[in-house]
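Undergrad: My structure is below; once you've seen it, I'll send some questions.
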Amino acid sequence: MNPLLTVLVVSIVFVGAFLALSFVYWGVQARKEEEARELSRRLGQMSGDPGDSLFRTQVKDELAQALGSTGERMEILLQQAAVNYTVSGLLTRMALFGLLGLVIMFVLLRNAFGVIGIIVAFVPYIVLVSQANARASKISQQLPEALDLMARGLRAGHGLSDAFRMCAEEMPQPISVEFGRVYEEHNLGRDMREALVNLTRRNPANFDMRIFVSSVLLQRDTGGNMIEILQNISKTIRDRFVFQGKVKSMTAEARFSAYILGGLPFVVAGLIMVMRPEYLEPLVDDPIGNGMLIVAACLFSTGVFVMRKVSQVEV
């Protein structure tokens, strides 16, 4: 194998290992800081200055405004993921990753096919979407317990706003942050209907939250037993989680087989690179081999996408 290519591969492996260890270290540190903040909140410091988080989010990113509807969707995605950077920060990260991907692919392929490295620019966006989906899933998991707590508070004679405050103080994050935001907005003079609508706008992908808000708004307009409504919604969400658990258990074998088949090409390629590196040189040095790699990557990605769509069960 080309000595320059060998040095580059070793460098990439070293940098990857260093970044992985760095991510683990900072992940542990971030978890410790989150636990400390959670302890402080449960000791009575729900969110510091009640208006601080509200007014801070009113600062608009000029780049997001210039992008129009695209920038607005990005801002909503950033709110869903609860990250501490703006649309400008996201686009800066994407530009840096795209530049890094271009440099690496041009060095590896040494021809025009190196332009495919620009797809690395979408890595920060994909990570952001993953964080937003994980947070939405966590909110859905915490929502039944939060609704039960609200129902108990209403049964004890508290108002709806106080029930939100109880959830903000007693429930873990991220549901406590979202319900605390509703309480803060209402406490500062915003109408409860508008505060609840803002709750759904911050969590547009969370179907359970929309059901909860719609039910509360409908009850406020037409009347009814709020306690019973909250308990029914909580039971419905729990029943759906039970069904999803059954589906996952029944499809576990098929999903495990898919993971093995999906990872097999990469394992085989890694073994060949260790045992017979010259066997793979045509894929890197020959333009036809580069084209074969691109076609294989496209077919592999298409197969993963199709199989993922087929295996999804609507509940």
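Undergrad: What number comes out for the charge environment of Gly159, summing +1 per Lys or Arg and -1 per Asp or Glu over other residues with Cβ under 13 Å away? It would help to have the intermediate numbers written out before the result.
TA: Working: positive: Arg155, Arg165, Arg220; negative: Asp162.
Net local charge, Gly159 excluded: +2.
Undergrad: Still on this structure: Among Ile288, Pro172, Phe256, pick out the residue whose Cα is farthest towards the positive end of the charge dipole of segment 165-315, where Lys and Arg carry +1 and Asp and Glu carry -1 on C-beta, about the Cα centre.
TA: Looking along the dipole axis, the top candidate is Pro172.
Undergrad: If you don't mind, there's one more thing I want to ask. For Cys298, Cys167, write out the residues from largest to smallest accessible area, computed with a 1.4 angstrom probe and no ligands counted. Could you put the intermediate results ahead of the total?
TA: Numbers: Cys298 75, Cys167 0 Å².
From most accessible down to least: Cys298, Cys167.
Undergrad: Rounding to the nearest 20 debye, state how big the charge dipole of segment 177-247 is about its Cα centre with +1 on each Lys and Arg Cβ and -1 on each Asp and Glu Cβ.
TA: 280 debye
Undergrad: Taking the Cβ of Arg255 as the centre, find all other residues whose Cβ is under 11 Å away and add up their charges (Lys, Arg: +1; Asp, Glu: -1).
TA: Charge balance in the 11 Å sphere: +1.
Undergrad: Using a 1.4 angstrom probe with every protein chain in place, what is the largest-first accessible-area order of Ser176, Ser161?
TA: Ser161, Ser176
Undergrad: Step through the residues of segment 67-72 one at a time and calculate ³J(HN,Hα) from phi using the Karplus curve (6.51 cos²θ - 1.76 cosθ + 1.60, θ = phi - 60°), rounding each to whole Hz and writing x for Gly and Pro.
TA: Using θ = phi - 60°, the values come out as 7, x, 5, 5, x, 5 Hz.
Undergrad: I would also like to ask the following. Lys and Arg at +1, Asp and Glu at -1: add these up for the other residues within a Cβ distance under 15 Å of Tyr125 and post the number. Before the final figure, lay out each step's value.
TA: On the way: positive: Arg73, Arg93; negative: Glu75.
Every neighbour counted, the sum reads +1.
Undergrad: Roughly speaking, to the nearest percent, how much of segment 203-295's 1.4 Å accessible area is carbon and sulfur? Don't skip to the end; give the middle numbers.
TA: Working: 4340 of 6280 Å².
Carbon and sulfur together cover 69 percent of it.
The values are calculated or read from the model by the stated rules, or taken from the named source; none is laboratory data. From a predicted model like this one, the values you see are computed outputs, not experimental measurements. FYI the Cβ positions are ideal-geometry reconstructions off the backbone, even for glycines, and counts take in every protein chain you see. SASA here: full protein model, heavy atoms, side chains in, ligands and nucleic acids out. Shrake-Rupley method; radii C 1.70, N 1.55, O 1.52, S 1.80 Å.
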